[in-house]
Amino acid sequence: MNKPLRVLLVEDSADDVLLVLRELRRGGYEPDYTRVDTAEAMRDALENQIWDLVISDHAMPGFSSIAALTVLQQKGTDLPFIIVSGSIGEDHAVAAMKAGAHDYVGKSNLKRLAPAIDRELREAEERRKRKRTEEELQKYDQLRRLESLRDSLVHMVVHDMRGYLATILGSLELLKITVHGDMDTEAQES
């Protein structure tokens, strides 16, 4: 049984979409996909659906892999972004990787696509796990600081209460001495 895969395909050619989908199925995936070829359509797709990864052609009329990567990064979603293209030169591929693309697969070498997706999905899951762990550590650190603050406040209240109680007890002692002293004076006068 093939693994389900939600793919946002940034591609202007219906024939190239069929090539990518065929290769995904050969690689053990059952793709659920949407094809977009403009920044606006990509924004809408990212906003309205949850995706496992983005596969983008490099050069399209009015749109490019770098522009698609920028749209993804502006959304703030950590998804694997793989460029699948037959028209990207090595310099452009390196620039795309430096900009944040996770991999590049030539259309003449599509057998690399499934292994690249496998690797990138694993790495994305590891990033999500690290992020969750970091968030939990931050929550724990905040809780520790709140507990420390609570302990400090309790200490201050106990200290203040001891001071108030000492004052009250001292006043009671003085009152006791005064009352006993007055009673002794009255007894002597009688």
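Select from the stretch 107-134 the residues that are closer than 15 Å to residue 54 by Cα and in contact with a helix residue (DSSP H, G or I) (Cβ under 8 Å, 6 or more places away or on another chain) and write down the one among them that is surrounded by the most Cβ atoms within 10 Å (Cβ to Cβ).
117
In this structure, does residue 137 turn out to be hydrophobic (A, V, I, L, M, F, W, C), assigned to a helix (DSSP H, G or I), open to solvent by 100 Å² or more (accessible area, probe 1.4 Å) and without any contact (Cβ under 8 Å) to a residue 40 or more places away in the chain?
The answer is yes for residue 137.
On the given criteria, is residue 104 among the aromatic types (Phe, Trp, Tyr), at negative phi and open to solvent by 90 Å² or more (accessible area, probe 1.4 Å)?
no
Can you pull out the residues in the stretch 40-62 that are part of a helix (DSSP H, G or I) and open to solvent by 70 Å² or more (accessible area, probe 1.4 Å)?
Once the filter is applied, which keeps residues that are part of a helix (DSSP H, G or I) and open to solvent by 70 Å² or more (accessible area, probe 1.4 Å), the stretch 40-62 yields 40, 43, 44, 47, 48.
Please list, ordered by first then second residue, the pairs with beta carbon atoms under 9 Å, 6 or more apart or interchain, first in the stretch 50-70 and under 19 Å from residue 20 (Cα atoms) and acidic (Asp, Glu), second in a loop (DSSP other than H, G, I, E, B) and open to solvent by 40 Å² or more (accessible area, probe 1.4 Å).
57/12; 57/37; 57/86; 57/87
Being in a helix (DSSP H, G or I), free of Cβ contacts under 8 Å to residues at least 60 places away in the same chain and among the hydrophobic types (A, V, I, L, M, F, W, C), is that true of even one residue in the stretch 116-132?
Yes - at least one qualifying residue is present in the stretch 116-132.
Could you figure out which of (1) under 30 Å from residue 1 (Cβ atoms); (2) charged (D, E, K, R); (3) open to solvent by less than 80 Å² (accessible area, probe 1.4 Å) isn't true of residue 37?
(1)
Go through the stretch 99-115 and give me each residue that's in a loop (DSSP other than H, G, I, E, B) and among the aliphatic types (A, V, I, L, M).
101
Hey, can you tell me all the residues within the stretch 63-98 that are part of a helix (DSSP H, G or I), β-branched (Val, Ile, Thr) and open to solvent by less than 40 Å² (accessible area, probe 1.4 Å)?
Correct list: 71 only.
The values are calculated or read from the model by the stated rules, or taken from the named source; none is laboratory data. Since the structure is predicted, the reported quantities are computational estimates derived from the model, not experimental observations. Quick reminder, even Gly has a Cβ in these numbers, built from the backbone with ideal geometry, and neighbours come from all protein chains shown. All accessible areas refer to the heavy atoms of the entire protein, side chains included, with ligands and DNA or RNA removed. Shrake-Rupley method; radii C 1.70, N 1.55, O 1.52, S 1.80 Å.
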